[in-house]
Structure formats: structure tokens, C-alpha cells
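Participant: Here it is, the structure, as C-alpha cells.
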Amino acid sequence: MDTARRVLYFWNMETGIGLPTTINSAGLQFCAPDWSWDSSLVPWFDDDLWYVADGRGRMETPGGDFELGRGDCFVLRGGQRYRGSHDPAQPLTVYFVHFSGPSHLPGLHRRLERPEFMESLLERLMDNWRSGRPEIAARWLDA
């Protein structure tokens, strides 16, 4: 089990550190053709699950630079600098979930081989968030 999976496993299943997770905001963003992002311009201080559902782009993170496509998933740490851009001909569509959780959760990136599974979890999270059920939405985030 790699380090990131071990941290998430013990966070959720064993120690309970950081539980319960609180979702502060969530959404599905269809990025405009002229979209770009520099988190230093509008910083945030919670954590963010950021998942690419469609499009092509690039993300600069403290952990490295990444070419973006469907299935790229990040845990972004508040207070750190991220810069993103995309191909205007293939604009990004991203899910974002700002949440409060464990302070020791590392920033990380994964390209998911089976994006349908993550998208189904995020759709369930979004349905519950929009319906005013934040506790159930948070359970889907924990999943």
C-alpha cells in the first residue's frame, strides 16, 4: 500500500482522526475557454478534492506539474499555490469539493484508471449536497 493510500486508510478506517469530514462547498465547474487559475490570487484554507471529468489542461502543484485529462484526481491543500490552465478547444470540466478534515492529509495526485467509479461517487455526493443533506454528502466524500 503506497503512503497516500495508507494515510487515507488509517484516517478513515482506523484512527478516526479528522472525522467527521465537513463539506464547506461543492460543485461541478464547466471552465470557460479563457479559464486559468492561480490559487495565490484567491487563497483558501480548507482542503479541496479536485477531479477532472472532461477536457485537457495542465496543473502546477507543489508536488509537480501534471498534464490533465479525464480521471485526474487531486487533494489540494489550502494555503498552497496551484496554477492551472487548459486547452480552449477542450475546456476542463471539474468537480470540486472543499472540505475540512485531518490536518495531516497530504496533497496528492492520482490518475484513475476507472473514472466511472469516482464519477458515480461524486454524483451521489453532489445530489446530496444540492438536496441539503451535507452529512450524507460527507459520507460519499469519505468513500
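The values are calculated or read from the model by the stated rules, or taken from the named source; none is laboratory data. Computed from a predicted model, the values in this text were never measured in an experiment. Glycine gets a Cβ as well: all are built from the backbone with ideal geometry, and neighbour counts include every protein chain shown. With ligands, DNA and RNA removed, areas are computed over all heavy atoms of the protein, side chains included. Shrake-Rupley method; radii C 1.70, N 1.55, O 1.52, S 1.80 Å.
Participant: Mind ranking D46, D127 by accessible surface for me, highest first, 1.4 Å probe?
Facilitator: Descending accessible area places them as D127, D46.
Participant: Taking the Cα centroid of the range 105-139 and of the range 31-96, what is the distance between the two, rounded to the nearest whole Å?
Facilitator: 16 Å
Participant: Within the range 71-143, what whole-number % of the accessible surface is contributed by carbon and sulfur, with the 1.4 Å probe and all protein chains included in the calculation?
Facilitator: Carbon-and-sulfur percentage of accessible area, whole number: 49.
Participant: With every protein chain kept in the model, how would you rank T61, T22 by accessible area, 1.4 Å probe, largest at the top?
Facilitator: Details: T61 25, T22 70 Å².
Sorted descending by solvent-accessible area, the residues read T22, T61.
Participant: Another one. Assuming R0 = 35 Å, what is the FRET efficiency of Q90 and A143, from their Cβ-Cβ distance, to the nearest 0.05?
Facilitator: Once rounded, the FRET efficiency stands at 0.75.
Participant: Shifting gears a bit: Per-residue counts of other Cβ atoms within 10 Å, averaged by peptide: what ranking do you get for 78-91, 29-42, highest first?
Facilitator: Ranking, from highest mean packing down: 78-91, 29-42.
Participant: While we're on this one: For the range 75-126, what does the alpha-carbon gyration tensor say about shape, rounded, prolate or oblate, given a ≥ b ≥ c as the root eigenvalues, a/c under 1.5 as rounded, and a/b over b/c as prolate?
Facilitator: Working: a/c = 1.85, a/b = 1.16, b/c = 1.60.
Taking the square roots of the gyration eigenvalues as a ≥ b ≥ c, the range 75-126 is oblate.
Participant: Quote the charge dipole size of the range 43-133 about the Cα centre in Debye, to the nearest 20; the model charges only the Cβ of Lys and Arg (+1) and of Asp and Glu (-1).
Facilitator: Value, rounded to 20: 120 debye.
Participant: Name the shape class, rounded, prolate or oblate, that the alpha-carbon gyration tensor gives for the range 52-143, where a ≥ b ≥ c are the square roots of its eigenvalues, rounded holds for a/c under 1.5, and otherwise prolate holds if a/b is larger than b/c and oblate otherwise.
Facilitator: The shape class here is oblate.
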